[in-house]
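**Q** This is the structure I have questions about; it appears just below.
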Amino acid sequence: MFGLSGTCSACRLQIPPNEFVMKTPDGAAVYHLTCFVCVTCHGRLVPGDRYGIVNGNLVCENDYVTVALSNQRRPQQPSSSSASQPRQHPSKVR
Ligand SMILES: [Zn+2]
Ligand SMILES: [Zn+2]
């Protein structure tokens, strides 16, 4: 349900009820669309992208392994709204 959207977990500003928000899958955190970015590479995350959450920070799929390892936590599966197997061959397109 829409309604009170709450406070953006990235910039800590209140989110107006009429504004679109991004939510984590567990609904624990909401973000402005513009704040829904990877903390490491600042890449914009969009619905369908694979990402993870490390210590409350959004991390894109590419950076997730690095961040998760550096946090010495038990790795979780990156959340994904379009479930599929992780790609096994890293692409080197730059
Ligand atoms: Zn924000
Ligand atoms: Zn990233």
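**Q** Which length gain, in nm to one decimal place, applies between HIS42 and ASN62 when the Cα-Cα distance is subtracted from 0.36 nm times their residue separation?
**A** Working: separation 20, 0.36 × 20 = 7.20 nm, distance 1.16 nm.
Roughly 6.0 nm would be gained on extension.
**Q** Only bridges whose two residues both fall in the range 6-70 count here: according to DSSP, what percent of them are antiparallel, nearest 5?
**A** For the range 6-70, the DSSP antiparallel bridge percentage is about 90.
**Q** Okay, next question. Grab the alpha carbons of the range 6-70, take their convex hull, and tell me the volume per residue in Å³. If you can, show how the numbers build up before the last one.
**A** Working: hull volume 5.3 nm³, N = 65.
It comes to 81 Å³ per residue, whole-number rounded.
**Q** Another question, then. Could you work out how much longer the chain between ASN55 and ALA28 gets when fully extended? Use 0.36 nm per residue separation minus the Cα distance between them, nm to one decimal. List each step's numbers first, then the result.
**A** Details: separation 27, 0.36 × 27 = 9.72 nm, distance 1.23 nm.
Full-extension gain reported as 8.5 nm.
**Q** Work out how much length LEU69 to ARG12 would gain on full extension: take 0.36 nm times their residue separation and subtract the Cα-Cα distance, in nm to one decimal.
**A** Here the segment from LEU69 to ARG12 would lengthen by 17.9 nm.
Read the figures in this text as sums done on the coordinates, not as results from a lab. Quick caveat, the model's predicted, so the values are computed rather than measured.
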